[in-house]
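The structure appears below as structure tokens.
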Amino acid sequence: MNFKMKALVAGVVLGFSMSGMAAEPIKIGVSGPFTGGSAPMGVSMRDGVRLAVSEINAKGGVLGRKIELVERDDEAKNERGVQVAQELINKERVVATVGYINTGVALASQRFYQQAKIPVMNNVATGSIVTKQFANQPENYIFRNSANDTIQSAMIVEEAIGRRGFKKPAILADSTNYGQLGREDLEKVLDKKGVKPVVVEKYNIGDVDMTAQLLRAKQAGADVVLTYGIGPELAQIANGMQKLGWKVPIVGSWTLAMANFIDNAGKNGDGTRMPQTFIQNPDTPKRKAFIDAYVKAYNPPGGRMPSAVSAAQGYDSVYLLAAAIQQAGSTEGPKIAAALEDLKTPVEGVVTTYNKPYTHTDHEAINFENTKFGEVKDGRVVQAK
């Protein structure tokens, strides 16, 4: 083979090689509990993420490259979350990760992304400290597009004490990081209003009988129950109240909208109220298209998303991340983070349209303006009136 022919072949091979490199997918990690009590949130989030990726890829992807999801079940366990983070960073070489349902898992795991300078988009975990864990460092790679507990606790107290005029709240919170940090936030807001809870009770994941805690609340004269918990145990509060013949309103964090609360509580859950960023109501064309696509793709029982908030926030988290990658023109972590902090173009989501959702010092996309109250009514969550 003469020199010219060799050069030609080498050029063709190099061209194919570069073409292959250019077409390599953009790997994004997805970490959440896809099994266990938190699974309705994790699976709904994952399915919302998948919908967004399928739409983006159908339009050509980002920077001319398709997005490839690398999904891992963190089982809502801190130690498993750590393993998943290390695998996604070191083995899979993801450019970013979306997810985290449980505050404890997020706090244990996201330090590895911070060290690797890889952005994390917390799309469900709500612990107030989550985005502040590394806020004192020059660069913070932890972002969020869910309503944090500072927002939720203020809304819960305002609804129960300010708007509805209850005077003797009882607090029931689970023993997880989420439940106890949320309980602390509730107590801080109540204190500012000069209100002291008549009882503060704790329960564990897996508890099936809340009689003792509820009896203490009833005997203390509680006129409203404020809750902070993760999963199906919340239904035991509503059902336990019915068994005691004691009916006072329940106002709590957003997880009261989960299918495993609504189904397990049945009629005992009616009237329960909670902050929501998204309600499964097709009140805009974008939301209708999202709801229709979700129901068609996953066929949830009764057409009801297991956790509509998780699905919607999962969906939006991908669009926010894709917008940042596109603006940065790069998949390098520092450049993606810098773009997120200064997004030039509004991002239309199903929770809201995000106009400059982040700054260098504020990594929270959700505020009071795009959070509303939902109410359980006849097996569904509707907007509270």
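The values are calculated or read from the model by the stated rules, or taken from the named source; none is laboratory data. Here the structure is a predicted model, which means the values were calculated and not measured. All Cβ positions, glycine included, derive from the backbone under ideal geometry; neighbour counts span all protein chains shown. What goes into the accessible areas is simple: the full protein's heavy atoms, side chains included, and nothing from ligands, DNA or RNA. Shrake-Rupley method; radii C 1.70, N 1.55, O 1.52, S 1.80 Å.
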Can you pull the Rg over Rh of the stretch 65-119, Cα-only, Kirkwood?
0.94
Sorting Ile205, Ile28 on solvent-accessible surface, 1.4 Å probe, most exposed first, gives Ile205, Ile28
Descending Cα extents along the principal axes, the stretch 29-84, whole Å:
36, 22, 9
Antiparallel DSSP bridges in the chain: what percent, to the nearest 5?
25
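Show me the three semi-axes of the equivalent ellipsoid for the stretch 288-385, from the C-alpha gyration tensor (sqrt of 5 times each eigenvalue), largest first, rounded to whole Å.
Values: eigenvalues 180, 56, 18 Å².
Here the semi-axes work out to 30, 17, 10 Å.
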Normalise the Debye intensity by I(0) for the stretch 275-315, one equal point scatterer per Cα, no solvent, then take log10 at q = 0.14, 0.16, 0.27, 0.34 Å⁻¹ and round to two decimals.
-0.26, -0.34, -1.00, -1.40
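Across every pair of different alpha-carbon atoms, what Kirkwood hydrodynamic radius in Å does the stretch 131-178 reach?
13.5
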For a quick check of understanding: with a 1.4 angstrom probe and all protein chains in place, what accessible area in square angstrom does Val124 have, to the nearest ten?
0
Probe 1.4 Å - accessible area at Ile279, Å² to nearest ten:
20
Pairwise Cα inverse-distance average, inverted: Kirkwood Rh of the stretch 185-297 (Å)
15.6
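If N is the number of residues in the stretch 89-228, what value comes out of its Cα radius of gyration divided by 2.2 N^0.38 Å?
Working: Rg = 17.8 Å, N = 140, 2.2 N^0.38 = 14.4 Å.
Normalised Rg, Cα atoms only: 1.24.
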Calculate the spin-label point distance for Asp223 paired with Gln242, positioning each point 7 Å from the Cα along the beta-carbon direction, and give it in nanometres.
2.6
Where labels lie 7 Å past Cα in the beta-carbon direction, separation of Arg93 and Thr345 in nm:
2.8
Relative intensity, log₁₀ I(q)/I(0), of the stretch 165-211 from a Debye sum that treats every alpha carbon as a point, q = 0.16, 0.25 Å⁻¹
-0.47, -0.92
Met121 accessible area, nearest 10 Å², 1.4 Å probe?
0
With labels modelled as points extended 7 Å from the Cα through the Cβ direction, what inter-label distance (nm, one decimal) is found for Glu332 paired with Arg111?
2.7
Centre separation in Å (Cα based) which lies between the stretch 248-269 and the stretch 285-364
26
Using 0.36 nm per residue, how much length does the chain from Asn281 to Lys193 gain when fully extended, once their Cα-Cα distance is taken away?
28.3 nm
Filter on Lys27/Lys288; Lys59/Lys288; Lys132/Lys196; Lys168/Lys188; Lys335/Lys372; Lys356/Lys377 - keep pairs with C-alpha separation over 25 Å
Lys27/Lys288; Lys132/Lys196; Lys335/Lys372; Lys356/Lys377
The alpha-carbon pair-distance distribution computed for the stretch 170-244, with 10 angstrom bins and whole-percent values, is 21, 54, 24, 1
With no solvent and one point on each alpha carbon, what is the Debye value of log10 I(q)/I(0) for the chain at q = 0.06, 0.12, 0.13 Å⁻¹?
-0.25, -0.87, -1.01
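Which value does Rg/Rh take for the stretch 230-293 over its C-alpha atoms, Rh per Kirkwood?
Ratio value, two decimals: 1.08.
Ignoring the sites themselves, what is the longest stretch of the chain with no GluC sites (Glu not before Pro) in a DSSP loop and at most 16 other beta-carbon atoms within 10 Å?
With GluC sites (Glu not before Pro) excluded where exposed in loops, the chain gives 140-331 as its longest stretch.
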Full-stretch length increase - Gln83, Thr211 - with 0.36 nm per residue and alpha-carbon distance subtracted:
42.3 nm
Largest first, what is the accessible-area ranking of Thr345, Thr361 with a 1.4 Å probe?
Thr361, Thr345
Relative contact order of the stretch 203-260 (C-alpha contacts under 8 Å, at least 6 apart) in percent is 43
